[in-house]
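Undergrad: Dumping the structure here so I can ask a few things about it.
The values are calculated or read from the model by the stated rules, or taken from the named source; none is laboratory data. Computed from a predicted structure; not experimentally measured. Reconstructed Cβ throughout: ideal geometry from the backbone, glycine too, with neighbour counts over all protein chains shown.
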Amino acid sequence: MEFDRDPAVRYLDMQYMLGESLLVAPVFREDGEVEYYLPEGTWTHLLTGETKEGGRWHRDVCDYFTLPLYVRENTLLPIGPATNGPTMTMSRTWS
């Protein structure tokens, strides 16, 4: 739904958007191999900081502690422990 003008995403059922800024591609194979599509733009892996260009398919091998979890460019994502207010929250902008 988020990328309705991209015909490649119409039939994807093995990955999903978590909100409008996080793309998640769960690993379903025992060997950890996963194929996923990143829509147009630059995407940054949330845990490693690696960037990949979208508009194409990617293939990775993941262990039990990783999975493709990408942040859309120009996203302000609050991270860190819960606090009493938004001014106390750490955040990072992906660009």
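Undergrad: The conditions are (1) modelled with pLDDT under 90; (2) under 15 Å from the mean Cα position of the chain (by Cα); (3) among the hydrophobic types (A, V, I, L, M, F, W, C), and Met88 fails exactly one of them. Which is it?
TA: Just one mismatch for Met88, condition (2).
Undergrad: Identify, from the list Leu77, Leu69, the residue that is at pLDDT 95 or above, surrounded by 12 or more Cβ atoms within 10 Å (Cβ to Cβ) and within 13 Å of the chain's Cα centre (by Cα).
TA: Leu69
Undergrad: Continuing with the same structure: Could you give me the residue pairs with C-beta distances under 9 Å whose first residue belongs to segment 49-70 and is touching a residue at least 12 places away in the same chain (Cβ under 8 Å), whose second residue is surrounded by fewer than 11 Cβ atoms within 10 Å (Cβ to Cβ) and assigned to a strand (DSSP E or B) wherever it lies, and which are 6+ apart or on separate chains?
TA: As it stands, the answer is Leu69/Leu18, since those pairs meet every condition given.
Undergrad: I need the full set of residues from segment 23-81 which are basic (Lys, Arg) and assigned to a strand (DSSP E or B), in order please. Lay out the reasoning, then the answer.
TA: Of all residues in segment 23-81, those basic (Lys, Arg) come to 29, 52, 56, 59, 72.
Across segment 23-81, the qualifying residues are Lys52, Arg56, Arg59, Arg72.
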